[in-house]
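K.L.:
Have a look at this one before I ask anything.
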Amino acid sequence: MGAILTTERLTKNFGGLTAVNDVSFSLEQGEILGLIGPNGAGKTTLINLISGAFPPSKGAILFEGRDITRDKAHTINTLGIARTFQVVRIFSRLTALENVLAAMVDRGRKGPWSLVWDSFFRRACALTEDKEACATADGLLEFVGISRYRDEQAGNMPYALTKRLEIARALATQPKLLLLDEPSSGLNPAELTGQIDLIQKINAQGTSILIIEHVMKVIMGISHRLIVLHYGEKIAEGEPEKVYNDPLVVEAYLGGDSDAQH
Amino acid sequence: MLNIENLKVAYGKAVALHDVSMRVEEGELVTLLGSNGAGKSTLLKTISGVNRALAGRILWKGQEIQNQPSHVVVNQGIIQVPEGRAVFPDLSVAENLRMGAFTRRDEDGVASDLEEVFELFPRLKERRQQLAGTLSGGEAQMLAIARGLLAAPKLLMLDEPSLGLAPVLREAIYRVIQQIYQEKGITILLVEQNARWALKVATRAYILENGRITMEDTGAALAANPDVQRAYLGH
Amino acid sequence: MVPVMDSLFLQQVLNGLITGSVYSLIAIGLTMIFGVMKISNFAQGDYSMVGAYTAVFVMAWVGGWLGWVGSVLAAAAVVGLLGVVTERLVFRPLMTRWTDIDMIMVSIGLFILLENLAQLFFGATPRMIDDPFGGRTINLGVASTSLLRLFCFVFAGVAIACLELFLNRSRMGVAIRATSQNRFAAQLMGIDINQVYRLTFGVGALLAGVGGVLYGTLFAIYPMMGALPTLKAFAVTILGGMGNIRGAIWGGLILGVAEALGGNYIAMEYKQAIGFFIIILVLLVKPSGLFGRKEGA
Amino acid sequence: MSARLRKILLWAAALVALFLVPHVVEDRYFMHIVVMAGIFTILTLSWNLLAGYTGQLNLGHAAFYGIGAYTSAILAMQTGLSPWLGLFAGGLVAAFFGLLLGFPALRLSGPYLAITTIGFAEILRLVAMNWVDLTRGSLGLSGVPLLTPIKIGDFTMQFYFERDYYYVVVAAVLFTLFCIRRLIGSEFGVTLQAMRDDEAGAQSIGINPSSYKLAVFTISAFFAGFAGGLFAHFARLVSPELLALHNTFDVLTMTMIGGLGTIAGPILGAVTLTFLSEALRYMEEVIKIDIRLIVYGLLLILTILFMREGLVGVIKNSWARMKGGR
């Protein structure tokens, strides 16, 4: 086994605000690691740092032993890390199928000009007529359970399902590590259960997962380990049950009792 | 005083509030608890007339105010102090405060309120001429609250006033809120993450989860309720 | 070639400052509208064109320096109204579902419409505004200029000072600034956002209209003249940072002086391109403009 | 298979119809308009590739058009290069400038990009005005050679009349259409649209937006330059006017009215507006005023306010309604 992702003393400052402060942790191969903490604790910032949306102010990120601290988002994806977003970022004017097809291109090997070349000399007349590619994409849509919306413009899909489309799209890049930023926000209880099943199914196929979640039912149910952030700092780490009963964590969530201190 | 009935709000396809009913009576301090993304800010924005309601009603003293333009709502004395210390960074502290009293025509009243506000927040008086963008986080939050007070609110809605503040500043904010409630007698609707404190000061409280009200009781009762900790942690 | 501090150099600087002050005036309107409504209005120069034609007619009717002052007031009124009307009819409907492209396109549509309507009504023949000072010049020691040009400079300064007064002292002026800094918070103060939009557009257009009278005093007036002030105003606005009024003042003066010096010491033919050279250079180094703030986090 | 067959038959019918047009309509003036409509179609298709499929507003497109025209004309006049090669040379030089403009454009968007591209075109227009040795300044280059005759066996095709150019332009439009359709339908095209819809989302699936933006700027410029070359050898006059802002505005008006971000839209817009403007020019003789551009401006505003998806959207919707009604 061993760690697939390691962060070393990761820090991010925005102006005067320290969003992530000196955070070190490892994510083991095949693990589901839950990342929790109150509002504004720096969870999303941490995922943004790992996925390369912006560089850290200090510290390092290692993926499969390779230093990816300064790599850009697109490079990091080609190395094998995919992500979803807290507020979905799907391609709203493309169909569900095209959303997935767009992600299937092997960008580690092909740049824009080689795709231009391909469009004249390799592919079928249109990508959507390429049976092989479509079969793979359909498989992914099936896997996340939205085949019905294959040819629907993504912008017209129900919100809950766009969250699944985003996961399908991330999977299409064949990631070794998947970063999920609140995959169940905005879902109703029934949709929630489906989402849990899906995440476990993905993990069962061998993909390591780092997940931010505020719905405790989800995070406690599926995480192998938990990390708790508070004011950008890691205040606890370990087995879900143990972390959950940690007084520091309870304090962070419930807040201090002002009168008790005076 | 404020009655919300079966309110539904959506951003495009994403439904943020499904069917929310709640009320705030005159003289109450009502707390609204809920985790990230539960729809608390959406609810406040809809009350303030910034978001549109798809269905349901918002009644203010018996009058429907849902989907009225925000300036009409504010003119009724329904004042929101937005989350994230949303002051006007390139206006001075004094100008920010003047903006708070934008709807008021009673110059004398504003002047005396300004004095009171400066008593409550002496730091702001010192920094009157400073640009609001240069204030520290705690000072900016004080300014946002002070600005809300200058509007002579009948109902003051505070959206996560302690968010992102260091513990010491948080305590100071709490004290001020209690002062405003107890000494000035202003009705308050409070959205706050610090469950323990927010339930302690509340006359009543609601818990909002995934766009639905899941619990409602007096603050003390909810605080004593063994389910609440779990409900709040979402067990 | 290094420009020496001779009288020619100072003369060019003075000329540049005079034209620059007019650029500033027109650009402030543009930058205000952008700051509050996030609209890049390509029709801004056409507001100036309408202002200039207003002056042509008032001067033909009244004449003299009284007529000139009257022109400015009339242009302010006419173009201010035009701004309010176009805001309501063309831009407001897009405010709730706008994209950058839509807003720019619709203002380009307005640009094409206004200049061709002007062509239709006023004819293609260039017009001039009569010099109420009869061409008298004034010697300032190091440099000299016509009384009229100096008057333009002073007038631009007065107009900018009036605007500053309005934005800093009046209730609605401060509301406009507040809205440009945080629209949501402004709404929560009870500010009627639509009223702010209307006023901003009116004032922004009015400034372009007044600027147009000055521009028309310095240069020729013809229906298609609007393109240059629009482009200059954009260059100035980008130099000064979109939405930044002080930046627009400095940007205008910098552009005016750079054009005068560049036209004289580098190449007259490329005078009109100097603004573009500068902004492309500035944007290469700092994509948010010289005095601009970085947007977002 | 039958759908495919129907498609092939439709295309064949369209080609036959296009071939027959000059045999049915003999009016030279009409053919002139058709040729211009074809050249504008190539321009709108190429502009739309950038604006419609990547969301980048290039307001300096006329510069590429002008560069292509000057390159092809100058090569033919000074080096005697075959105009047929000149067309592609014009496209390539324009493409090079497209790449050049692409670099600053990478970091810019909205008004910043718009004004930078305008500036680029204006600077080049002033160069065309002032580099008199090469361009003869504002007089322009007149007497640009015609396209040279093509000999196939005993048959020689001359390029002299409008109808001869008609066939060239039809071929050029079809060539452009083919290329752009292939590009849009491919992995490349899907990538562009992904970037347009959500850039951060695109980066999260490994797309490097900068490199794609450069590629599209280059390709878009190539076709504009190609159109410019066609114009040069057809009109036989090349002047700095070609690079002027109003040419770009015409192109964007046509595209918006036709339907931004579609393939049919730019074609529809270019053809409709070219003919509309001729109709209005004809009307000018009756009502004595030139309302051509007033109509352009008005149409552009109304399209954006009330007809966001352009004519293509209107046709699609009414088609859907007809189908639904049945």
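K.L.:
Quick check on my link table: of C:LYS286/D:LYS213; C:LYS232/C:LYS286; A:LYS242/B:LYS40; A:LYS163/B:LYS40, which ones sit more than 23 Å apart, alpha carbon to alpha carbon?
P.N.:
A:LYS242/B:LYS40
K.L.:
Give me a comma-separated list of calculated 3J(HN,Hα) values for region D:62-74, in order, Karplus coefficients 6.51, -1.76, 1.60 applied at θ = phi - 60°, integers in Hz, x for any Gly or Pro.
P.N.:
Working through the residues one at a time gives 4, 4, 5, 4, x, 4, x, 5, 5, 4, 5, 5, 5 Hz.
K.L.:
Any idea of the accessible area per residue across region D:29-325, 1.4 Å probe, to the nearest Å²?
P.N.:
That works out to 36 Å² per residue.
K.L.:
Ok, one more. How big is region B:115-175 in terms of Cα radius of gyration and Dmax, in angstroms?
P.N.:
11.4, 30
K.L.:
How large are Rg and Dmax for region D:187-316 when only the alpha carbon atoms are used, in Å?
P.N.:
That works out to 17.9, 60 Å for Rg and Dmax.
K.L.:
Could you give the distance between the Cα centres of region C:87-166 and region A:64-142, to the whole Å?
P.N.:
That distance is 50 Å.
K.L.:
Treating only the Cβ atoms of Lys and Arg (+1) and Asp and Glu (-1) as charged, compute the dipole magnitude of region A:95-174 about its Cα centre; round to the nearest 20 debye.
P.N.:
220 debye
K.L.:
Further question: How crowded by other chains is C:190-197, given as the mean number of beta carbons from other chains within 10 Å of each beta carbon?
P.N.:
If you average over the peptide's residues, the count of other-chain Cβ atoms is 5.
K.L.:
Further question: In square nanometres, what is one fourth of the surface area of the convex hull spanned by the alpha carbons of chain B?
P.N.:
Projected area, direction-averaged: 12.5 nm².
K.L.:
At q = 0.07, 0.12, 0.17 Å⁻¹, what is the base-10 log of I(q)/I(0) for chain A according to the Debye formula with one equal point scatterer per Cα and no solvent? Please give it to two decimals.
P.N.:
Taking Cα atoms of chain A as identical point scatterers yields -0.27, -0.75, -1.36.
K.L.:
Under the rule of at least 5 residues apart or a separate chain, name every residue whose amide H is placed under 5 Å from the amide H of C:ARG127.
P.N.:
Under 5 Å from the amide H of C:ARG127: C:ILE221, C:TYR222.
K.L.:
Residue by residue through region D:194-205, which ³J(HN,Hα) values in whole Hz follow from phi under the Karplus form 6.51 cos²θ - 1.76 cosθ + 1.60 (θ = phi - 60°), with glycine and proline marked x?
P.N.:
Result, ordered by residue: 4, 4, 4, 6, 6, 5, 5, x, 5, 4, 5, 10 Hz.
K.L.:
While we're here: How many angstrom lie between the C-alpha centres of region C:55-71 and region D:130-170?
P.N.:
53 Å
K.L.:
Please give the direction-averaged projected area of the C-alpha convex hull for the protein assembly as shown, in square nanometres with one decimal.
P.N.:
50.7 nm²
K.L.:
Note the full-extension length gain between D:SER211 and D:ALA13 as 0.36 nm times their separation in residues minus their Cα-Cα distance, in nm to one decimal.
P.N.:
Length gained, D:SER211 through D:ALA13: 67.3 nm.
K.L.:
Dividing the alpha-carbon radius of gyration of region C:29-232 by 2.2 N^0.38 Å (N being the number of residues), what value is obtained?
P.N.:
Normalised Cα radius of gyration, region C:29-232: 1.07.
K.L.:
Let me ask another. Setting aside same-chain residues fewer than 8 positions from B:LYS45, which aspartates and glutamates have a Cα under 12 Å from its Cα?
P.N.:
B:GLU83, B:ASP159
K.L.:
Further question on the same structure: Share of region D:29-325's accessible area from carbon and sulfur, percent, 1.4 Å?
P.N.:
The C+S portion of the solvent-accessible surface of region D:29-325 is 67 percent.
K.L.:
Could you compute the net charge surrounding C:TYR47? Neighbours are other residues with a C-beta less than 13 Å from the C-beta of C:TYR47; K and R count +1, D and E count -1.
P.N.:
Residues near C:TYR47 contribute -3 overall.
K.L.:
Here's another thing I want to ask about it. Would you kindly calculate the mean projected area, averaged across all directions, of the convex hull enclosing the Cα atoms of region D:1-60, in square nanometres?
P.N.:
6.3 nm²
K.L.:
Right, something else. List the chymotrypsin sites (Phe, Trp or Tyr not before Pro) within region A:87-157 that DSSP assigns to loop and that have no more than 14 neighbouring Cβ atoms inside 10 Å.
P.N.:
Taking region A:87-157 and a limit of 14 other Cβ atoms within 10 Å, no loop chymotrypsin sites (Phe, Trp or Tyr not before Pro) are found.
K.L.:
Something else now. Which percent of the accessible area of chain A is formed by carbon and sulfur heavy atoms (probe 1.4 angstrom)?
P.N.:
The computed percentage sits at 50.
K.L.:
With the Cα gyration tensor of chain D giving a ≥ b ≥ c as the square roots of its eigenvalues, does the rule (a/c under 1.5 for rounded; else a/b larger than b/c for prolate; else oblate) give rounded, prolate or oblate?
P.N.:
Taking the square roots of the gyration eigenvalues as a ≥ b ≥ c, chain D is rounded.
K.L.:
Helices from chain C with mean Kyte-Doolittle at least -0.5 and a Cα length along the axis of 27 Å or more, per DSSP H: which?
P.N.:
Helices passing the filter in chain C: C:7-37, C:64-86, C:100-122, C:147-169, C:193-218, C:245-265.
K.L.:
Moving on. Using the Cα centre of the protein assembly as shown as the reference point, and only Cβ charges (+1 on K/R, -1 on D/E), how large is the resulting charge dipole? Debye, rounded to the nearest 20.
P.N.:
1280 debye
K.L.:
Taking R0 as 25 Å, what FRET efficiency do you get between C:ASN194 and C:ALA77 from their Cβ-Cβ distance, rounded to the nearest 0.05?
P.N.:
0.70
K.L.:
Projected onto the charge dipole of chain D (+1 at Lys/Arg Cβ, -1 at Asp/Glu Cβ, origin at the Cα centre), which of D:THR135, D:SER2, D:PRO209 gives the Cα projection farthest towards the positive end?
P.N.:
D:SER2
K.L.:
What shape does region A:1-134 have by the C-alpha gyration tensor, where a ≥ b ≥ c are the square roots of the eigenvalues, rounded means a/c under 1.5, and otherwise prolate means a/b greater than b/c and oblate the rest?
P.N.:
Prolate.
K.L.:
When all C-alpha to C-alpha distances in region A:108-254 are sorted into bins of 10 Å, what percent of pairs does each bin hold, rounded to whole numbers?
P.N.:
Spelled out bin by bin, region A:108-254 gives 9, 32, 29, 18, 9, 3, 0 percent.
K.L.:
Ordered by residue, what ³J(HN,Hα) values in Hz, to whole numbers, does region A:109-117 give under the Karplus form 6.51 cos²θ - 1.76 cosθ + 1.60, where θ = phi - 60° and Gly and Pro are x?
P.N.:
Once rounded to whole Hz, the list reads 10, 10, x, x, 5, 6, 6, 4, 4.
K.L.:
In debye, nearest 20, what is the charge dipole magnitude of region D:29-325 about its Cα centre with +1 on Lys and Arg Cβ and -1 on Asp and Glu Cβ, if you could check?
P.N.:
Here region D:29-325 has a charge dipole of around 360 debye.
K.L.:
Find how many whole Å separate the alpha carbon centroid of region A:165-220 from the alpha carbon centroid of region B:138-198.
P.N.:
37 Å
K.L.:
Using modelled backbone amide H atoms (1.01 Å from N, in-plane), which distant-in-sequence or interchain residues come within less than 5 Å of B:ALA16's amide H?
P.N.:
HN-HN under 5 Å from B:ALA16: B:VAL9, B:ALA10, B:TYR11.
K.L.:
Please name which of A:TYR253, A:LEU140, B:PRO153 has its Cα lying farthest along the dipole of the protein assembly as shown towards the positive end, using unit charges on Cβ (Lys, Arg +1; Asp, Glu -1) and the Cα centre as origin.
P.N.:
Value: A:LEU140.
K.L.:
Dividing the convex hull volume of the alpha carbon atoms of region A:95-174 by its residue count, what do you get in Å³ per residue?
P.N.:
Dividing the Cα hull volume of region A:95-174 by its residues yields 91 Å³.
K.L.:
Sticking with this one: Along the principal axes of its C-alpha atoms, what lengths does region D:141-258 span, in descending order and rounded to whole Å?
P.N.:
Projected onto the principal axes, the Cα atoms of region D:141-258 cover 58, 38, 26 Å.
K.L.:
Now for a separate question. Specify the longest stretch of chain D that does not include any exposed loop site, a site being one of the chymotrypsin sites (Phe, Trp or Tyr not before Pro) with a non-H, G, I, E, B DSSP assignment and at most 16 other Cβ atoms within 10 Å.
P.N.:
Excluding the exposed sites themselves, the longest stretch runs over D:162-326.
K.L.:
Next question. Count charges around B:SER92 for me, please; just the other residues with Cβ under 14 Å from its Cβ, Lys/Arg as +1, Asp/Glu as -1.
P.N.:
In short, +3.
K.L.:
Can you list residues from other chains, or at least 5 along the same chain, whose modelled amide H is less than 5 Å from the amide H of D:LEU57?
P.N.:
Distant-sequence amide H within range of D:LEU57: D:GLY110.
The values are calculated or read from the model by the stated rules, or taken from the named source; none is laboratory data. Quantities reported herein were computed from a predicted structural model and do not represent experimental measurements. Using ideal geometry, Cβ is built from the backbone for each residue, glycine included, and neighbour counts are taken over all protein chains shown. Heads up: the accessible areas ignore ligands, DNA and RNA and are worked out on the full protein's heavy atoms, side chains in. Shrake-Rupley method; radii C 1.70, N 1.55, O 1.52, S 1.80 Å.
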